[in-house]
Every structure is written in C-alpha cells, then in structure tokens.
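Written out below as structure tokens is the structure these notes cover.
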Amino acid sequence: AGRFLFSMTDETSRWQVYEVGVDGKGLRKVVDSPEPDLEFFDATYLPDNRVIAVSNIGYHGVPCVSGSDAVGNMVVYNPKDGNMRRLTFDQDANWHPTVMNNGRVMYVRWEYTDLTHYFSRMVMHMNPDGTEQRMLYGTGSVFPNSIFDVQPIPNHPSKFVGVISGHH
C-alpha cells in the first residue's frame, strides 16, 4: 500500500477522515461534505477506491446517556464525484468497518434491541452497498461483552480477530 486513512479533528474540532502517503506526503481530507456539522471517522477503503466511514449523519444520540454521545452510522463516499450514501440506520453505533476476504464489509454493531444491551456488540457483515446486513458472530451472550477493532483472518471466509473488552 502506498497510502492510508486515519481520523483526526479538523480546524473546527470536528472529526474527519484524512489520507496520507506512507512517506508522510500528500496529506488530504478525504470526505468533502457541505454540511459543517457532519463528522467522519473510522474509515476503510473499498477495492474500487470508494471509502466507507462512520459518521454522525443520523443526528441522534445514545439513549443510555440521554443522547449526549453521538451515534455513528456508516456511509459510503466516492472521492471521485463526491457522492455519499448512508448505509446503516441504527439506533446505536456501528464501528470498525473493514473489507473481508470475500469482498463483504465486516463491522461491529451495538444493539439496543435486547435486554442486556451492554453485552450486545454483534459482528456484522454486509455488501459494500449496504445490502444483506447479517450477523457474523454474537448472539447477545454475556461473554464476551464487547468486541472492538475486528479484522479478518487472511484467506479465511469468516474467521476474524478482535479486541475483547469491557463495556466501558
């Protein structure tokens, strides 16, 4: 790879996705949005050079903290033409999108649809256009109670590695 994506705040203290060459040259903001209050982070490249990122695009907050934390849902963005489309519409956050070996996008979804909501970080997968969202792992069991930063195991269609942690 000759470049990589990362997240940092811009001059207005909003999170944005940036790209830079592995040599440290060519720093640029990737997502160009006319909406000044939208933030973007936790991005990944798709094979066709579009980008999937997490955004506060839904303008809603996490219920258990009275809405004080923004909920992140995923968007797909095409840097060539500026076209953006929202992919997920969840009450709570989606995190860590990454492309699997089979071309699908794996990510973590925080569900609030079960009684033990703080144990429900499901590992999901979907097509890059947001269709066929399905659970890959996790049934709301109490262990592990949180999975973060999932990454596919090379050359395997469904195995992955992630960080197991407590809820907070």
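Could you list, ordered by first residue, the pairs with Cβ atoms under 6 Å in which the first is in segment 98-123 and modelled with pLDDT under 85 and the second is among the hydrophobic types (A, V, I, L, M, F, W, C) and open to solvent by 40 Å² or more (accessible area, probe 1.4 Å), at least 6 apart or interchain?
Phe119/Val142; Met122/Met135
Looking only at segment 131-147, decide whether some residue is within 13 Å of Thr44 (Cβ to Cβ), modelled with pLDDT of 80 or more, touching a Phe, Trp or Tyr at 6+ places or on another chain (Cβ under 8 Å) and not aliphatic (A, V, I, L, M).
no
Which of (1) farther than 24 Å from Glu132 by Cβ; (2) assigned to a loop (DSSP other than H, G, I, E, B) is the odd one out, the single condition Phe89 does not satisfy?
It fails just one condition, (1).
So, in segment 62-85, exactly how many residues are in a loop (DSSP other than H, G, I, E, B), surrounded by 11 or more Cβ atoms within 10 Å (Cβ to Cβ) and in contact (Cβ under 8 Å) with a residue 12 or more places away in the chain?
Step one: of segment 62-85, the residues in a loop (DSSP other than H, G, I, E, B) are 62, 66-69, 71-72, 78-83.
Imposing the further condition that a residue be surrounded by 11 or more Cβ atoms within 10 Å (Cβ to Cβ) reduces the set to 62, 67, 69, 71-72, 78-79, 82.
With in contact (Cβ under 8 Å) with a residue 12 or more places away in the chain added as a condition, the list becomes 62, 71-72, 78-79, 82.
Residues meeting the conditions: 6.
Would you say Ala93 is at pLDDT below 95, buried (at least 20 other Cβ atoms within 10 Å of the Cβ) and either of a type outside the set (A, V, I, L, M, F, W, C) or within 25 Å of Val150 (Cα to Cα) (or both)? Full working, then the answer.
Values: at pLDDT below 95: yes; buried (at least 20 other Cβ atoms within 10 Å of the Cβ): yes; either of a type outside the set (A, V, I, L, M, F, W, C) or within 25 Å of Val150 (Cα to Cα) (or both): yes.
Spelling it out, Ala93 is indeed at pLDDT below 95, buried (at least 20 other Cβ atoms within 10 Å of the Cβ) and either of a type outside the set (A, V, I, L, M, F, W, C) or within 25 Å of Val150 (Cα to Cα) (or both).
The values are calculated or read from the model by the stated rules, or taken from the named source; none is laboratory data. Here the structure is a predicted model, which means the values were calculated and not measured. Don't worry about glycine lacking a Cβ; one is built from the backbone with ideal geometry, like all the others, and counts go over all protein chains shown. The accessibility values were calculated without ligands, DNA or RNA, using every heavy atom of the protein model including side chains. Shrake-Rupley method; radii C 1.70, N 1.55, O 1.52, S 1.80 Å.
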